[in-house]
1. Residue 239 - would you say it is closer than 20 Å to residue 15 by Cα and within 15 Å of the chain's Cα centre (by Cα)?
2. How do the pairs read when you match residues in the range 379-397 that are farther than 19 Å from residue 360 by Cα with residues anywhere that are assigned to a strand (DSSP E or B) and at pLDDT 85 or above, using Cβ under 9 Å and keeping only pairs 6 or more apart or on different chains?
3. In the range 185-223, which residues are out of contact with any strand residue (DSSP E or B) (no Cβ under 7 Å at 6 or more places or on another chain) and under 18 Å from residue 345 (Cβ atoms)?
4. State whether the residues of the range 144-162 include one that is over 22 Å from the mean Cα position of the chain (by Cα), buried (at least 19 other Cβ atoms within 10 Å of the Cβ) and assigned to a helix (DSSP H, G or I).
5. Would it be correct to say that residue 2 is assigned to a loop (DSSP other than H, G, I, E, B), closer than 30 Å to residue 177 by Cβ, touching a helix residue (DSSP H, G or I) at 6+ places or on another chain (Cβ under 9 Å) and in the same structural domain as residue 236 (by TED's automatic domain parsing)?
């Protein structure tokens, strides 16, 4: 909606100058070097911070902090904490290092981007949306995680926000919806989506959203910055559930959001401050620690996933496999264009339908198998789950089926156990 965001013109100038990039990925070695970093800070497990004097406290409360410190990060942990600040900086670099480099080349003196870490991925999504949404607005939503879907329906029912669910894997659907709804202010997509692993062409969609001053929000959880960097493709805001690949060990719940500095500092941060979706210092320290080897961990997981997807596609008891890294995937070319590889999540349907899938999943519920029946993803442990009755149970059945989330669909997140172990176990589970 043109004229909706007073920061839009400035952001477009910087986005076109600094964010778009021909290279769609950060060099892998540079990525791993940023992850490893130098000097993980001590844990600042405290709620409040001592001021040097009254003038120091007053200055900090209006956002004036000493050089090198994030504003508000040394007042009260709900407002910021050194451990969370460190994690925000690393995530910022992983998604935006090219923006930093381009801005430095042009001697840019003011910030372009901002980064916030939250207590969960859902806290990141909801806070960003509450930072801009108003009565009468419309938001276009693609195929998204069950709780994101549920929150959107809540906004529509409780506050009259128009939520328009579309098949965002076809960019022209976005354009048609924008043309038909002049009150659209944002588009929210996942790519790959959860759990059918269909892709959205982020760059193509941005070509429709930018001229109309519509914010393009990309949930990058399934990829993490290692596999996909949406700002290079035209995204305006990127959100993550850090619980998945960033943590990688199912040991912490957290989220993150990165976006235009003016928008985040003036509209998102006040909501963050007042709602208090703040991570604990220990969780931020823990995620900074696990992040250090994320690239190495994910590379192994993705390589294994590619082989497992090929194994499943050739297995006589598998009906269909959904994995962007397979040449049979309808969006294989798009995967190669905007992702480093096909990722570490696979969805598939077992011959025999729902009952056969349940039998396989119950096999992995046993303690003597190298996988767990659990709903998360991105962990060093492989997880298998049933989206229709678990992660997407809150989505109305008619909408689920229309999006391809059938009762026979099974989702598999590949861990680090290795191809031979997982393939042998899956084969046993299918032939039990």
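1. yes
2. If the second residue must be assigned to a strand (DSSP E or B) and at pLDDT 85 or above, the pairs left are 379/372; 379/413.
3. 192, 193, 194, 198, 199, 223
4. Scanning the range 144-162, I find no residue that is over 22 Å from the mean Cα position of the chain (by Cα), buried (at least 19 other Cβ atoms within 10 Å of the Cβ) and assigned to a helix (DSSP H, G or I), so the answer is no.
5. no
Each row is one residue, and each column tells you yes or no for (1) in contact (Cβ under 8 Å) with a residue 60 or more places away in the chain; (2) closer than 30 Å to residue 216 by Cβ.
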{"residue": "11", "(1), (2)": "yes, yes"}
{"residue": "22", "(1), (2)": "no, yes"}
{"residue": "45", "(1), (2)": "yes, no"}
{"residue": "52", "(1), (2)": "no, no"}
{"residue": "56", "(1), (2)": "no, no"}
{"residue": "60", "(1), (2)": "no, no"}
{"residue": "65", "(1), (2)": "no, no"}
{"residue": "73", "(1), (2)": "no, yes"}
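Yes/no matrix, rows are residues, columns are (1) out of contact with any strand residue (DSSP E or B) (no Cβ under 7 Å at 6 or more places or on another chain); (2) at pLDDT below 95; (3) not assigned by TED's automatic domain parsing to the domain that holds residue 17:
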site	(1), (2), (3)
71	yes, yes, yes
74	yes, yes, yes
85	yes, no, no
91	no, no, no
95	no, no, no
103	yes, no, no
113	no, no, no
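Condition check ((1) in contact with a helix residue (DSSP H, G or I) (Cβ under 9 Å, 6 or more places away or on another chain); (2) closer than 30 Å to residue 79 by Cα; (3) at pLDDT 95 or above) across all residues:
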site: 259; (1), (2), (3): yes, yes, yes
site: 266; (1), (2), (3): no, yes, yes
site: 276; (1), (2), (3): no, yes, yes
site: 281; (1), (2), (3): yes, yes, yes
site: 284; (1), (2), (3): yes, yes, yes
site: 292; (1), (2), (3): yes, yes, yes
site: 297; (1), (2), (3): yes, no, yes
site: 309; (1), (2), (3): no, no, yes
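The values are calculated or read from the model by the stated rules, or taken from the named source; none is laboratory data. Just so you know, these numbers come straight off a predicted model, no measurement behind them. Positions of Cβ are generated from backbone atoms using ideal geometry, with glycine treated the same way; all protein chains shown enter the neighbour counts.
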